[in-house]
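A short worksheet on the structure shown next.
Taken together, the values in this text are just the output of simple stated rules run on the coordinates, not laboratory data. Only a predicted model underlies this, so the values are computations on that prediction, with no experimental measurement involved. Backbone-built Cβ (ideal geometry, glycine too); neighbour counts: all protein chains shown.
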Amino acid sequence: MSKGTSSDTSLGRVSRAAFPSPTAAEMAEISRIQYEMEYTEGISQRMRVPEKLKVAPPNADLEQGFQEGVP
C-alpha cells in the first residue's frame, strides 16, 4: 500500500474566484488613498516644533502697563 499526495488537495492553494480583480473605480480609490498616505507622511516628516512662538508683535506700551500694574 503506497501513500500518495495530490497537489489538488493542498490546503495552501486559494482559488482566484475567491479574490476577484479590482475594478477601475476600486483601483482609483486605492491609488487616491495611497497618495493621501504618502502626502500626509511627507508633511509629518518635514514638520518641526519651533523653538519659540510669538502671539503678537511686541508692544512697549502694553508691556510697561503690565509692569506698572495698570488694570
Quiz prompt | Separation in nanometres of the label points that stand 7 Å from Cα toward Cβ, at MET37 and SER21 | solution = 2.3
Exercise. Work through the residues other than GLY42 whose Cβ is under 14 Å from its Cβ and net out their charges, Lys, Arg +1 and Asp, Glu -1.
Key: -1
Quiz item: Cβ under 13 Å from ILE30's Cβ, ILE30 left aside: what net charge do those residues give with Lys, Arg +1 and Asp, Glu -1?
Solution: -3
